[in-house]
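Peer 1: Can you keep this structure in mind? I'll have questions shortly.
Laboratory data are not the source of any read-out in this text; all were calculated from the coordinates shown. These numbers come from a predicted model, not from an experiment. Here Cβ is always computed from backbone atoms with ideal geometry, including for glycine, and neighbour counts include all displayed protein chains.
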Amino acid sequence: MSYKERLQAWTIVRLLPDMQRTIVGRFRHRSDADGHVHFLRQQIPNASFVVVFDSQSGIEG
């Protein structure tokens, strides 16, 4: 994993039915992720989004 990828640990996840999820975006700062979630909730009001800290971003295990 590159240095740049490690800097983007704040992740927006869209929660889908049947315990599925998809990553919407990665951000360097929590406030940036929160602002984008606010925008997404306005654009897609029926969807569920959460901001999580992904400390192992990009690590396969």
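Peer 1: Compare the peptides 45-54, 32-41 by average per-residue count of other Cβ atoms within 10 angstrom and give them in order, highest first.
Peer 2: Values: 45-54: 11.9, 32-41: 15.2.
Ranked by mean Cβ neighbours within 10 Å, highest first: 32-41, 45-54.
Peer 1: Let me check I've understood the local charge: for ILE12, count other residues with C-beta under 15 angstrom from its C-beta, Lys and Arg +1, Asp and Glu -1. What total comes out?
Peer 2: Spelling it out: positives minus negatives among the neighbours equals +3.
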